[in-house]
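The values are calculated or read from the model by the stated rules, or taken from the named source; none is laboratory data. The model shown is predicted, which means the values in this text are computed figures rather than measured ones. A quick note on method: Cβ atoms are made from the backbone with ideal geometry, for glycine too, and the neighbour counts reach across all protein chains shown. The area values use the complete protein model at the heavy-atom level, side chains included, leaving out ligands, DNA and RNA. Shrake-Rupley method; radii C 1.70, N 1.55, O 1.52, S 1.80 Å.
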Amino acid sequence: MSGYYTQEAHGPFEMIGIGALELEDGGSIPDCRLAVATHGTLNAAKDNAILVPTWYSGTSKIMEQVYIGRGRALDPTKYFIIVVNQIGSGLSTSPSNAEGALAGARFPQVRIGDDVRAQHRLLTQHFGIERLALVVGGSMGAQQTYEWAVRYPDMVRRAAAIAGTARNTEHDFMYAQTLIEAITSDPAFAGGAYKNSADVAAGLKRQAKLWTVMGWSTEFFRAKRHHALGFDSMEAFVDNFMTGYFAPMDPNNLNAMAWKWQRGDVSRHTGGDLAAALGRIKARTFVMPISHDMFFPPADCQAEQQLIPNSEFRPLASIDGHLALFGTDAQMLAQLDAHLLALLGAAAP
């Protein structure tokens, strides 16, 4: 297991076993364990719970640092906020911490739906929660948010999908494939049998460069926003921020999440009919793309929003693009809080 995935770096979180998890694409995780961070207190009625799933490469720590706090929309003095690290993240059961037949590149293929079924078991059996005040997530967290609202429509009262879609696009599929190939094309990857992530440094740096090009926007570069983030040159930004972020991560973990990202699609529930799937949603829903996101552009998100009953289109303005999710744009975070406060204050089924 990589030394990166520790309580010191990403805690505090609790490891909670949910038993054997049968997987949609076959196989199972015999002892699935979820890394769960909670904030606040579950009230007696158990109706103040908010679920926050994580995105590609992200963990519960960044959710805590960027989105949760007293006086914020996600206020732990009002709500019981449950952040569940997705399977394959490196904290929950993942290639890097699995043993035996599940270890490393032998880890089974896990879908968004598998994550959501695991989270449902956690919430209902471990916490005794039957209704969620809100499910909110960004990027792959938005994919999970949509899956929740479609799969468990009577449990989700409100849903907020930030910078993500209900059905992954061909463009996103191809981009995620380049992320996988950036790693697997490194000879040191050795089919996933490397000894530690440092062996695959070249592949991880290629991935960091791809994220630099697509994660931010062309306007981000034009405005030299990397200066505002504390870097004198783009080279220093790529080497110290972007590569520094990805370098300690486990390549098999990243590939497992990318495979899952590629195949996010709620229309699997309705034979490929996206309108029918999104029509199942009962939650009061806000769809919140980021204005300059090159992965999940507003037009793609709005086309889906128009298929969701009782939904609103609430775009967020930021030239930081998709990676504004990192919390780099205070004005965008203020917009997000305002929208979430409006959603939480609105009547919901």
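Some notes on this structure:
- For the condition crowded, with 22+ Cβ neighbours inside 10 Å, at pLDDT 95 or above and farther than 30 Å from residue 215 by Cβ, residue 45 does not qualify.
- For residue 268, the stated conditions do not hold, so it cannot be described as touching a residue at least 40 places away in the same chain (Cβ under 8 Å) and either within 20 Å of residue 348 (Cα to Cα) or touching a Cys at 6+ places or on another chain (Cβ under 6 Å) (or both).
- Among the residues making up the stretch 97-122, those that are of a type in the set (A, V, I, L, M), more than 28 Å from residue 191 (Cα to Cα) and buried (at least 21 other Cβ atoms within 10 Å of the Cβ) are 116, 118.
- Identity of the residue in the stretch 49-65, in a helix (DSSP H, G or I) and either of a type in the set (A, V, I, L, M) or farther than 14 Å from residue 136 by Cα (or both), that ends up least open to solvent (accessible area, probe 1.4 Å): 63
- Some residue of the stretch 24-36 being open to solvent by less than 40 Å² (accessible area, probe 1.4 Å), more than 25 Å from residue 268 (Cα to Cα) and within 21 Å of the chain's Cα centre (by Cα): yes
- Residue within the stretch 143-164 that is charged (D, E, K, R), out of contact with any helix residue (DSSP H, G or I) (no Cβ under 8 Å at 6 or more places or on another chain) and either modelled with pLDDT under 95 or closer than 22 Å to residue 16 by Cβ (or both) present: no
- Scanning the stretch 1-17 for residues that are of a type outside the set (A, V, I, L, M, F, W, C), modelled with pLDDT of 95 or more and open to solvent by less than 30 Å² (accessible area, probe 1.4 Å) gives 5, 10, 11.
- The residues in the stretch 68-96 that are part of a loop (DSSP other than H, G, I, E, B) and either touching a Cys at 6+ places or on another chain (Cβ under 9 Å) or buried (at least 21 other Cβ atoms within 10 Å of the Cβ) (or both) can be counted, and the count is 14.
- Taken together, the criteria place residue 254 among residues that are crowded, with 24+ Cβ neighbours inside 10 Å, touching a helix residue (DSSP H, G or I) at 6+ places or on another chain (Cβ under 8 Å) and touching a residue at least 40 places away in the same chain (Cβ under 8 Å).
- Checklist (1) over 21 Å from the mean Cα position of the chain (by Cα); (2) among the polar types (S, T, N, Q); (3) buried (at least 19 other Cβ atoms within 10 Å of the Cβ) applied to residue 305, failing item: (1)
- Condition met for residue 109 (part of a helix (DSSP H, G or I), touching a residue at least 40 places away in the same chain (Cβ under 8 Å) and either closer than 16 Å to residue 87 by Cβ or among the aromatic types (Phe, Trp, Tyr) (or both)): no
- Matching residues, the stretch 163-181, being open to solvent by less than 10 Å² (accessible area, probe 1.4 Å) and either among the hydrophobic types (A, V, I, L, M, F, W, C) or assigned to a helix (DSSP H, G or I) (or both): 163, 166, 172, 176, 179
- One residue stands out in the stretch 204-228 among those that are over 23 Å from the mean Cα position of the chain (by Cα) and not in a helix (DSSP H, G or I): the one that is farthest from residue 247 (Cα to Cα), namely 223.
- Residues in the stretch 3-48 that are in contact with a Phe, Trp or Tyr (Cβ under 6 Å, 6 or more places away or on another chain), hydrophobic (A, V, I, L, M, F, W, C) and part of a loop (DSSP other than H, G, I, E, B): 42 alone.
- Options 347, 277, 324; residue that is loosely packed, with under 14 Cβ neighbours inside 10 Å and either in contact with a strand residue (DSSP E or B) (Cβ under 9 Å, 6 or more places away or on another chain) or assigned to a helix (DSSP H, G or I) (or both): 347
- Count of the stretch 195-234 residues which are on the phi > 0 side of the Ramachandran plot and basic (Lys, Arg): 1
- The condition of being open to solvent by 10 Å² or more (accessible area, probe 1.4 Å), modelled with pLDDT of 95 or more and over 18 Å from residue 143 (Cβ atoms) holds for only one of 268, 284, that being 284.
- Test result for residue 84, more than 29 Å from residue 347 (Cα to Cα), of a type in the set (A, V, I, L, M) and in contact with a strand residue (DSSP E or B) (Cβ under 9 Å, 6 or more places away or on another chain): no
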